[in-house]
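Reading through the structure tokens given below for one structure.
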Amino acid sequence: MTDEVTRESTETTPGMEVGELLARVDASERLLLLDVRNDEEFETWRCEGRRHVDTLHIPYFDFIEDPSACVDRVPRDRPIVAVCAQGGSSVMVVDMLREAGLSARNLVGGMVAYGQYLQPVKVPTDAAELPNAEIWQVNRRGKGCLSYVIRSGRDAIVVDASRNAAWYENFVRELEAVIVRVLDTHVHADHLSGGPALAARSRAPYFVNAEGSELRQPVERLADGQELRLGGQGREGITVRVMTTPGHTPGSTAFLVGRGYLLTGDTLFVRSVGRPDLGGHVDAWGRALFHTLHDRLASLPDDVMILPAHYAGPDEIGPDGVVAASLGTLRRIAPELQIADEDAFVASIPASLAPPPAAYAEIIRANLGLSPVEPDKATDWELGKNQCAAHASPATS
Ligand SMILES: [Fe+2]
């Protein structure tokens, strides 16, 4: 519709990258986000920050039909950032606003860029336990997806990579390390895994346990309890222990870094647990999840830090920017961990579920390597926040 005009205008229209927008919102800077997408797009998925984002919704076509009336509705007392689906039509709105004397910038790449933006945050770790090592939580803010880079010495492992494999390559290079292993905690249903591509580009082994599904990706097999060394065999290195944690999927696998940091995938979040229904076996997978939560994790002490693969909203991001909770805290407050009876736990699941992700079946097939993915389709499939959690009501048992 406006592609030609957009390309011409972009050169002169001031833009703002997603990272800058989120940094400003997180710092409580006063600005107004002007969302010009259509009603349905706006209702389904919006820009969120760690602080409230003051947002005004005026669809782009309203600006076309009656520009002056729409411009008059936009407050003049603060900077405006206009956002649309891909950063095109919002350029024209920004130009209109600037011509009318308002301070306005365009969100470069729109909601597509917002959904793909990756923000690395260093997880605070105990230097005595993980000497010469670090864990980075890579927060895909627009979707609520978390991936991880674990570095020890010059070795790095990437866990639950988003599909932008080049981003992880660059990030690990900046850490002056090399990717020696790529792991997925499970076959993801909400986003396309970058794991296979990243592993191939890095010539590193790739692991995912797709138990119960046909898999057409080359994978390395890892056994429950197996210990992966990172950064050397001596004291300077660290251990990552493989823990099978079936439930969210039959092959779900957690990774215990050192003794105190558990990458749980979608088994246990900081406020809920992973939904066990997406395979169509809610009873069997729900029972498996119950035993994982109550038996498999029982041997771990309360001070283990839970580092999940997803979160539901920015209020789950801690003051240090990390999404994490101690296992002891979750044992006290997570409603799903309060349900001591297996049948009651399984019975609580259906009511706790949001609608499944729109394209989850296609995403699962792609992540299993069963169907190729075209870049345009990938972008469409991944639009919107994740819907990975099951939220049980408290006092269900
Ligand atoms: Fe998942």
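The values are calculated or read from the model by the stated rules, or taken from the named source; none is laboratory data. Just so you know, these numbers come straight off a predicted model, no measurement behind them. When we count neighbours, we look across all protein chains shown, and the Cβ atoms used for this are built from the backbone with ideal geometry, even at glycine. Side chains included, ligands, DNA and RNA excluded: accessible areas come from the protein's heavy atoms. Shrake-Rupley method; radii C 1.70, N 1.55, O 1.52, S 1.80 Å.
Between ARG259 and GLU214, residue separation times 0.36 nm minus the direct Cα-Cα distance comes to 12.9 nm. When only the Cβ of Lys, Arg, Asp and Glu is charged (+1, +1, -1, -1), the dipole of segment 40-102 relative to its Cα centre reaches about 420 debye.
Taken over segment 90-209, the convex hull of the Cα atoms encloses 132 Å³ per residue. Surface listing: THR13, THR329 arranged by accessible area from highest to lowest gives THR329, THR13, probe 1.4 Å.
Considered as an equivalent ellipsoid built on the Cα gyration tensor, segment 253-292 has semi-axes of 22, 10, 8 Å, the largest given first. Of all DSSP-defined beta bridges confined to the chain, some 60% are antiparallel rather than parallel.
Between ARG76 and ARG154, the simple spin-label model (points 7 angstrom out along Cα→Cβ) gives 6.2 nm.
Can you give the charge dipole size of the chain about its Cα centre, rounded to the nearest 20 debye, using +1 on the beta carbon of Lys and Arg and -1 on the beta carbon of Asp and Glu? Display every interim value, and only then the final one.
Numbers: 38 positive and 56 negative charges, 238 e Å.
Once rounded to the nearest 20, the dipole reads 1140 debye.
Using a probe of 1.4 angstrom, how much of the accessible area of segment 314-382 is carbon and sulfur, in percent?
Working: 1880 of 3360 Å².
Whole-percent figure for carbon plus sulfur exposure: 56.
Place a point 7 Å from Cα of VAL178 in the direction of its Cβ. Which residues in segment 130-156 have their backbone N less than 14 Å from it? Residues 153-156 qualify, since their backbone N sits under 14 Å from the label point. Applying both filters, DSSP loop and at most 11 other Cβ atoms within 10 Å, to the GluC sites (Glu not before Pro) of segment 127-202 gives GLU176.
Using just the Cα positions, wrap segment 338-387 in a convex hull and report its mean projected area in square nanometres, one decimal place.
4.9
Kindly identify segment 57-111 as rounded, prolate or oblate by the Cα gyration tensor criterion: order the square roots of the eigenvalues as a ≥ b ≥ c, call it rounded if a/c is under 1.5, otherwise compare a/b with b/c, prolate if a/b is larger, else oblate. It is oblate, given that a/c is not under 1.5 and a/b is not larger than b/c.
Please give me the summed charge of the neighbours of GLY286: other residues whose Cβ is under 9 Å from its Cβ, Lys and Arg +1, Asp and Glu -1. Taking every Cβ under 9 Å from that of GLY286, the sum is -2. All C-alpha to C-alpha distances of segment 286-397, sorted into 5 Å bins beginning at zero, yield P(r) values of 2, 10, 15, 19, 17, 16, 12, 7, 3, 0 percent in whole numbers.
Compared with the alpha-carbon gap, the fully stretched path from ALA223 to GLU236 is longer by 2.2 nm at 0.36 nm per residue.
Can you give me the accessible area per residue for the chain, using a 1.4 Å probe, in Å²? Numbers along the way, then the final one.
On the way: 17310 Å² over 397 residues.
Accessible area per residue: 44 Å².
On the principal axes of its alpha carbon atoms, the chain extends 65, 49, 41 Å, with the longest extent given first. Using Cβ point charges alone (K and R +1, D and E -1), the dipole size of segment 229-384 about the Cα centre works out to roughly 580 debye.
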